[in-house]
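J.: Have a look at this one.
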Amino acid sequence: MDERNETESSRAATAGAPAVAVAPHHPVPGRTGTRRLFVTYGAICLVPVLILGAVLGLSYRSEAAARGAAQGRSEATLVAQTAVEPLLGNRPLADGLSTDQTNDLRRLVTPAVDSREVLRLRLRTLAGRIVFADDGSGSHHEPDDEALEAARGETVVRLTHLNADDDDQAAQGPASVEVYLPLEAGTPARRVGVLEIYLPYAPIDADVTAGLHTLYRDLALGLGALYLAIFVISASVSRRLRRQLHVNAYLAEHDHLTALPNRAWFLRQARSAVEGRGRGGSTALAIIDLDRFKEVNDTLGHHNGDRLLSVLAERITAQLGPESSVARMGGDEFGVIIRGSPDPETVLWQLRSVIEGEIEVSALPVSVDSSVGYVLVPQDGEDVDQLLQRADVAMYVAKAEHAGVVRYQPSQNHYNPADLTLVSELRHAIDDGQLVVHFQPKATLANGHIESVEALVRWQHPQHGLVFPDRFMPLAEQTDLIHKLTAWVLDRALADLRRLDGAAFANVAVAVNVSARNLAQRDFSAQVVDALSAAQVAPERLVIEITETALLADPARAALVLGDLHRAGVRVSLDDFGCGYTSLGYLSTLPVHELKIDRSFVTDMAQNPAHRAIVRAIVDLGHNLSLRVVAEGVETSEALALLRAVGCDVVQGYVLAPAMPLAELEAWLLAPAPPVGASVGGP
């Protein structure tokens, strides 16, 4: 999968996305549904507008009542100041009115009452007692609270009806504005009494209502225009949003470059196919990966790689029947669902042939191969995620074996979810002291002396007990955890080697295995030198063992690192020799000190003449290149004798001793007699 082709895809989407049509599997709302949606939306929008109108209307009505009361107050104040107060003189009303004052008040009030400009007028003392009433009412009433408030200097105004008080005997009269205000007279002016006046509210209400009608009309027009504007704007925005929603829904499940459905759509279709498999025919899920597609990108450029993917997408789509589906899973990988075919593998082979046809790109004929892995439903499983993982496994088998089309078989699956847990636990095991190092001795065949020991890591797992490296080392080598693990083994092996010095084995060396990922670190040799310095161990007492496969993973980088180690005085051993494909010419240029024959040739060399011949050839090759030769996996005395016969230099295996903890190694080295007879023993 090439990430740069995904970038090209994204650029293509910017220009092409709005023009795409909605795919059939995305339902589009009908006109009736859309109309109903708009009616509902319009009704919902109308509710807040009506509420706003009602609130404003009530507010205006309340404001109108306040305006009516204010107007009544103004008229009452005018009557008091221009008509009543000039008639009172300097005497307070508590002293009573003179006959002339009473007559003058009646001449003033009677025409106003007859013309209904004033409904009632009373004068009260500061104690609230009535001293004048145009209609003679209220003389026996208790003083009103409003009158007492006015006596204290407050003006009280309220909207009421004539004769609305509880102690009024007459029938309730028309709506009125009741005003109580203090009266002042004399020079200087002083408060002498209270004016109680009832003014007709009808003229005031008519004037206010006329203004309200105009205001309500303007309010209705304004709110109607607002509602219409909101609805029009919402309708316009909604149309755009619906169009964009359709485009986004399409783009969310389609590849921008090829216009094919994408992985999300494919997963949904795969689940649908698995759930509906009983409706007839067999169903196959396949993963198609293009071979050497990176070469097309690197040679012709990514824009041409994109063009190639687009043409292949068209070819695959045209080849498949209407019941089948294809999606671009990402990069140069496609997913295919084949429904109802009696022979899905034949369909996939035909599809592969179509993919391999030449395509002209930038005037150059280009063809690409493909690797196809597939599974059948339900024969290979019923869980979609598991089925696709298995199809992916089969695809990688097809790619590795150049087999074209491969159906998944359980034997192909080397992926274990428990491995992920084990790797996670290994990170903590290093820090928590769960790892231990065992040592297996190596003896020279010439004199039987123990010349070195190989450090072999073990994991004392709290649940699984002692775990050997073949269980966790391959997992660690797939991650950067191998660097931390190798550093830990190196430090522990060198520290234990220092303990052997105290047991009078100062000449014994220690061998430590390293992986290809370690050699990929340019500063690995510096790390080794630092570890030697920290442990105060001479460089020649350390042997770094590397495999042929590690050497060939990055030969140039490996040569640099091995050269640095050689110059530092560290010895290098080529482990598992004979199983790889190391060029002899390349081998002669590397700073390697010894060859270690792979155990697969040594274990049965007494029974297998071919393996015996290979061992002899490796020994001769090593000696001709001035290298020492070590045989590992030596388990029988017959193999030991044959190795001595062919001139092997060093042996390692159960015939000598198994790997053991440091304390047992010290005891074994100090034993008075070697456990394997006189030919091989201690120093």
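J.: Net charge near GLY569: determine it from the other residues with C-beta under 13 Å of the C-beta of GLY569, scoring Lys and Arg +1 and Asp and Glu -1. Write down the numbers at each step before the final one.
T.: Working: positive: ARG541, ARG567, ARG571; negative: GLU540, ASP564.
Local charge sum for GLY569: +1.
J.: Let me know the longest stretch in the chain that avoids all trypsin sites (Lys or Arg not before Pro) found in a DSSP loop with at most 14 other C-beta atoms within 10 Å.
T.: Details: sites that count: ARG116, ARG152, ARG292, ARG522.
My reading of the result: 293-521 is the longest stretch.
J.: With Cβ to Cβ distances under 13 Å as the rule, what net charge do the other residues near HIS246 carry (K, R +1; D, E -1)? Numbers along the way, then the final one.
T.: Values: positive: ARG239, ARG240, ARG242, ARG243; negative: GLU253.
So the surrounding residues net to +3.
J.: How large is the charge dipole for the chain, taken about the Cα centre, if only the Cβ atoms of Lys, Arg (+1) and Asp, Glu (-1) carry charge, to the nearest 20 debye? Working shown, then result.
T.: Values: 60 positive and 85 negative charges, 196 e Å.
It works out to roughly 940 debye.
J.: Check each of the GluC sites (Glu not before Pro) in the range 253-321 and keep only those in coil by DSSP with at most 13 other C-beta atoms within 10 angstrom; list them in order.
T.: Values: sites: GLU253, GLU275, GLU295, GLU314; in loops: GLU253.
In loop regions of the range 253-321 (DSSP not H, G, I, E or B), there are no sparsely surrounded GluC sites (Glu not before Pro).
J.: In addition: Local charge sum around ARG557 (other residues, Cβ-Cβ under 12 Å, Lys/Arg +1, Asp/Glu -1)?
T.: Charge balance in the 12 Å sphere: -1.
J.: Which label marks the calculated value of volume of the Cα convex hull per residue in Å³, given the options (i) 148; (ii) 228; (iii) 377?
T.: Given (i) 148; (ii) 228; (iii) 377, the structure-derived one carries the label (iii).
J.: Between GLN460 and ALA70, 0.36 nm times their residue separation minus their Cα-Cα distance comes to what? Numbers along the way, then the final one.
T.: Values: separation 390, 0.36 × 390 = 140.40 nm, distance 9.66 nm.
Contour length minus the Cα-Cα distance gives 130.7 nm.
J.: Would you mind working out the magnitude of the charge dipole of the range 436-545 relative to its Cα centre, with +1 at each Lys and Arg C-beta and -1 at each Asp and Glu C-beta, to the nearest 20 Debye?
T.: Details: 10 positive and 12 negative charges, 39 e Å.
It comes to approximately 180 debye.
J.: On to the next question. Expressed as a whole percentage, what fraction of the accessible surface of the range 429-479 belongs to carbon and sulfur atoms when a 1.4 Å probe is rolled over the protein heavy atoms? Write down the numbers at each step before the final one.
T.: Numbers: 1100 of 2190 Å².
Result for the range 429-479: 50 percent of the exposed heavy-atom area is carbon or sulfur.
J.: Moving to a separate point now. Roughly to the nearest percent, how much of the accessible area of the range 289-334 is carbon and sulfur, given a 1.4 Å probe?
T.: Details: 910 of 1870 Å².
With neighbouring chains kept in place, the figure for the range 289-334 is 49 percent.
J.: Now for a separate question. Excluding ligands, DNA and RNA, what is the solvent-accessible area per residue of the chain at a probe of 1.4 Å, expressed in Å²? Intermediate results must be reported in sequence, preceding the final value.
T.: Working: 33640 Å² over 683 residues.
With the other protein chains kept in place, the chain gives 49 Å² per residue.
J.: Right, next: Put +1 on the Cβ of every Lys and Arg and -1 on every Asp and Glu Cβ in the chain; which of LEU565, PRO441, TYR201 then has its Cα farthest towards the positive end of the dipole?
T.: Towards the positive end, the residue furthest out is TYR201.
J.: Do the sum for the chain: with -39,500 (n - 2.57) for every DSSP H run of n ≥ 4, divided by all residues, what is the mean residue ellipticity at 222 nm, to the nearest 500 deg cm²/dmol? Could you put the intermediate results ahead of the total?
T.: Numbers: 23 runs with 336 residues, N = 683.
Result for the chain, helices only: -16000 deg cm²/dmol.
J.: Quick check: residue separation of ALA617 and ASP145 times 0.36 nm, minus the Cα distance between them. What number comes out in nm?
T.: Details: separation 472, 0.36 × 472 = 169.92 nm, distance 13.01 nm.
Net length gain for the segment: 156.9 nm.
The values are calculated or read from the model by the stated rules, or taken from the named source; none is laboratory data. Worth saying up front: this structure is predicted, and the values here are computed from it rather than measured. With ideal geometry, Cβ positions are generated from the backbone for all residues, glycine too; neighbour counts draw on all protein chains shown. Remember, those area values only see protein heavy atoms, side chains included, never the ligands or the DNA or RNA. Shrake-Rupley method; radii C 1.70, N 1.55, O 1.52, S 1.80 Å.
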